[in-house]
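The values are calculated or read from the model by the stated rules, or taken from the named source; none is laboratory data. Please read all numbers here as calculations on a predicted model, not as lab measurements. When we count neighbours, we look across all protein chains shown, and the Cβ atoms used for this are built from the backbone with ideal geometry, even at glycine.
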Amino acid sequence: MVAGLAVVGGVVWHLEHGAPAARFQTATVARGDVTQAVIATGTLNPVLNVAVGCQVSGRIRALYADFNSMVHSNELVAELDPQKYQASVDEAQANVANARANLELQQVQVRRDAQLFTNRLIAQADFDTARATLDEAQASVEIQEAALSNALADLSYCKIYSPIDGIVISRSVNVGQTVAASLSAPTLFEIANDLTRMQIDSAVSEADIGSVKVGQPVTFQVDAYPNLTFRGAVVQVRNSPTNVNNVVTYDCVIGVTNSDLKLKPGMTATVSIISAERRNALLIPNSALRFQPPDGTVAMTGGKSASSAANAPAGPGQAAKPRGSRLERKKTLRPMRTVYVLVGNTANDGRLQPVQIETGIAGDINVEVVKGLREGQRVVTGVLLSQGIQAPAFGRRGGFFMR
């Protein structure tokens, strides 16, 4: 049932019984800066992080480094009990001495048999056997010397040295603990080379990875310092995909300078990769692109509704406008969108005019307008009731309809 008519800004609205008058929420087209960013999360890690392990099994006899200890390359950081490996070295040395004594005996035997063979006192077969035995003695010496080298190597592995200069960020063992290196080397320490230079390993979705390039600036935040914004740059976009529950992401490595050592390994960072940026661009709110008049209340411009004017068939003698091929439509580099401009003095005294605009980059709040609007124009972002309550712009039950 229609209770009456209301004229708002040159637009005729038929109001249902008891429905309040309407006015528009607008925003002024203005110039400013806009940034388009790719949002991702990642973990802070040292650029060079080495896990120090041991190649032999044994009991930890001494530790010479702890958490946050500064260590240098080839510095002793831990030591295993060497008693078992020292015994193996002693045994190997004894075997080498025995093999060398046997070699000397065989050398004397061959010289003696050579004289006897020259005087025709022994057979050729006996002399050949003596020379073969000498060769076996020589090979036995080499075998025992190799076993000694292996035992000495195992003994040297009882002392664990730092492979790099850095700081100990993790210690996994205590004095008296037994480590077993049967299938893999157990990790004793983790040493970070330089915490003043770190990196963020961020997971960027496949939908956004196309706009991420090496060298792009990055801003990020961590939970430890919610009021601080840190900066970095993209140093690598890795081509190896990660698929988790059919969600594909790519590892984007971001270089970070940590001169004040506020950032620590393992922190979770919320990353904004700046993919595009415009200065002094013409801007409108993103909500203006989403606004549509409620069903049945398309604004009247020049006596015709915008929708009917746009969809009206070609009159007599008029040729229908060609729609263009799909290939021609794809030549448009930027997307075309429709916004509604308020023409008039106030939000209650104006007309809604649909305008086709060409948009550029989009930020979180504003979007760049490349073509179609002028600075100072007012775009409609919503419909407000007289009490100041915003009416739904997308639904069918806004309280307004058109006859």
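Here are the numbers for this structure:
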| item | result |
| --- | --- |
| Residues within segment 192-237 that are part of a strand (DSSP E or B), in contact with a Phe, Trp or Tyr (Cβ under 6 Å, 6 or more places away or on another chain) and among the β-branched types (V, I, T), tallied | 1 |
| Count of residues meeting criterion [touching a helix residue (DSSP H, G or I) at 6+ places or on another chain (Cβ under 7 Å) and hydrophobic (A, V, I, L, M, F, W, C)] in segment 54-85 | 1 |
| Qualifying residue in segment 146-154 (condition: in contact with an Asp or Glu (Cβ under 8 Å, 6 or more places away or on another chain), among the hydrophobic types (A, V, I, L, M, F, W, C), touching a residue at least 24 places away in the same chain (Cβ under 8 Å) and outside any helix (DSSP H, G or I)) | no |
| Pairs where the first residue, in segment 82-101, is under 22 Å from T133 (Cα atoms) and buried (at least 16 other Cβ atoms within 10 Å of the Cβ) and the second is of a type in the set (S, T, Y) and modelled with pLDDT of 95 or more, C-beta under 7 Å, 6+ apart | A99/S140 |
| Filter pass, T118 being at pLDDT below 95, among the polar types (S, T, N, Q) and over 26 Å from D251 (Cβ atoms) | yes |
| Lone unmet requirement of (1) crowded, with 18+ Cβ neighbours inside 10 Å; (2) farther than 19 Å from Q236 by Cα; (3) not aliphatic (A, V, I, L, M) for F220 | (2) |
| Counted residues, segment 79-132 - those being touching a Cys at 6+ places or on another chain (Cβ under 7 Å) and either aromatic (F, W, Y) or over 30 Å from N150 (Cα atoms) (or both) | 1 |
| Members of segment 287-303 that are over 16 Å from V341 (Cβ atoms) and either modelled with pLDDT under 55 or surrounded by fewer than 21 Cβ atoms within 10 Å (Cβ to Cβ) (or both) | D295, G296, T297, G303 |
| Condition check for V256: in contact (Cβ under 8 Å) with a residue 60 or more places away in the chain and either surrounded by 14 or more Cβ atoms within 10 Å (Cβ to Cβ) or of a type outside the set (G, A, S) (or both) | yes |
| Filter pass, E206 being of a type in the set (D, E, K, R), within 29 Å of the chain's Cα centre (by Cα) and more than 30 Å from V71 (Cβ to Cβ) | yes |
| L44 being surrounded by 13 or more Cβ atoms within 10 Å (Cβ to Cβ) and over 30 Å from G376 (Cα atoms) | yes |
| Matching strands (runs of 3 or more DSSP E) fully within segment 44-114 where at least 1 residues are polar (S, T, N, Q) | 49-53 |
